[in-house]
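Working notes, structure below.
Just so it is clear, none of the values below were taken in a lab; they were calculated from the coordinates. Just so you know, these numbers come straight off a predicted model, no measurement behind them. Please note: Cβ atoms are built from the backbone with ideal geometry, for glycine as well, and neighbour counts cover all protein chains shown.
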């Protein structure tokens, strides 16, 4: 019996070294019926040229500019659907490495439950392989803030059980093409950050489920692209703006003023004071800019 075809979509942005390590890791996996699509988000470090010399079995999709996590992955998804018509799509960060059987484990729940639209692995820190980075999560209805289970802790009984969860981390997520056809693509307004929260909410609102699979193991090097390309100030801008956008999109408008009150003190004021003490004045300015842009639904990435 032929196993379902999976397209693995990896997004690269000036990350030749970590992307190469991720691709080397994928060469060792036991699952057989898959295609790797490497989407290059307008890199200027000759990533595609250098990687294609070593990995000639990969499908390369070069984009003319940086479309962000959402836009880059969406173009990879569309390319995969049109060219390969896969059964599933795996979104995988380029700053990850995987265990040999991670994909076999990740696909298993789909065979027994038709309500599942996405599965996610257990993710450890790459440099601390016994410490959890992600073991499922849930989303606060009022704040949009994600609580990630087990983060910065060692394994426990609760992080070792397969279960339905409320948050699909975009670092590594196996999504059925049925989900793509029904729910659609990632929302490109987010660019990066909170897009996986948005997609998780959309899956759950459709009456389907997300399953955490602890036997599937991935190791994460954590935010390599942003560290190399933009720095923390851009991260603070996107995280601030996108939380406001997320709640504008999903929260009952009767509760939105309460969210803004909470967000103004718990997020904007708290982070501004903290970063001012650290002399990170550009980050403080971008937090306020992100807050304003979220409220006005402004799309701005040329900061």
*asked:* I'd like the FRET efficiency for residue 266 and residue 115, computed as 1/(1 + (r/R0)^6) with the beta carbon distance as r and R0 of 22 Å, rounded to 0.05.
replied: 0.05
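Can you tell me how much longer the chain between residue 35 and residue 1 gets when fully stretched, taken as 0.36 nm per residue apart minus their C-alpha distance, in nm with one decimal? Let's see the in-between values first.
Numbers: separation 34, 0.36 × 34 = 12.24 nm, distance 1.83 nm.
Between residue 35 and residue 1, full extension yields an extra 10.4 nm.
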*Measure of size requested: the Rg and Dmax of the chain, with Cα atoms as the atom set and Å as the unit; please supply both.*
18.9, 61
*Considering only DSSP beta bridges whose two residues both sit in the chain, what percent are antiparallel, to the nearest 5?*
40 percent
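Where Rh is the Kirkwood radius over the Cα pairs of region 89-158, the temperature 25 °C and the viscosity 0.890 mPa s, what D in µm²/s does Stokes-Einstein return? It would help to have the intermediate numbers written out before the result.
Numbers: Rh = 13.9 Å.
Using the Kirkwood radius from Cα pairs, D works out to 176 µm²/s.
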*What's the extension gain from residue 158 to residue 185 if we count 0.36 nm per residue and subtract their Cα-Cα distance?*
6.6 nm
*Förster radius 51 Å - calculated FRET efficiency between residue 296 and residue 52 (Cβ-Cβ, nearest 0.05)*: 0.75
*Taking the Cα atoms of region 3-110 alone, what are Rg (to one decimal) and Dmax (as a whole number) in Å?*
13.1, 40
_If I model a spin label at residue 87 and residue 65 as a point 7 Å from the Cα along the Cα→Cβ vector, what separation in nanometres do I get?_
3.9 nm
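Based solely on its DSSP helices, what 222 nm [θ] is calculated for the chain when runs of n ≥ 4 H residues each add -39,500 (n - 2.57) and the sum is averaged over all residues, nearest 500 deg cm²/dmol? Before the final figure, lay out each step's value.
Working: 11 runs with 117 residues, N = 303.
The helix-only estimate for the chain comes to -11500 deg cm²/dmol at 222 nm.
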_Angle between the chain longest axis and helix 195-205 axis [Cα atoms, degrees, rounded to 10]_ = 80 degrees
*Rg to Rh ratio, region 230-296, alpha-carbon atoms and Kirkwood radius?*
1.00
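Tell me, in nm to one decimal, what length is gained between residue 215 and residue 258 on full extension, where the rule is 0.36 nm per residue of separation less the Cα-Cα distance? Intermediate results must be reported in sequence, preceding the final value.
On the way: separation 43, 0.36 × 43 = 15.48 nm, distance 3.97 nm.
Once the chain is fully extended between residue 215 and residue 258, it gains 11.5 nm.
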*Between region 7-77 and region 110-166, the alpha-carbon center distance in angstrom*: 25 Å
_Over region 172-303, what portion of Cα pair distances is larger than 27 Å, expressed as a whole percent?_
30 percent
_Pairwise FRET efficiency - residue 104 versus residue 278, Cβ, R0 = 35 Å, nearest 0.05_ = 0.20
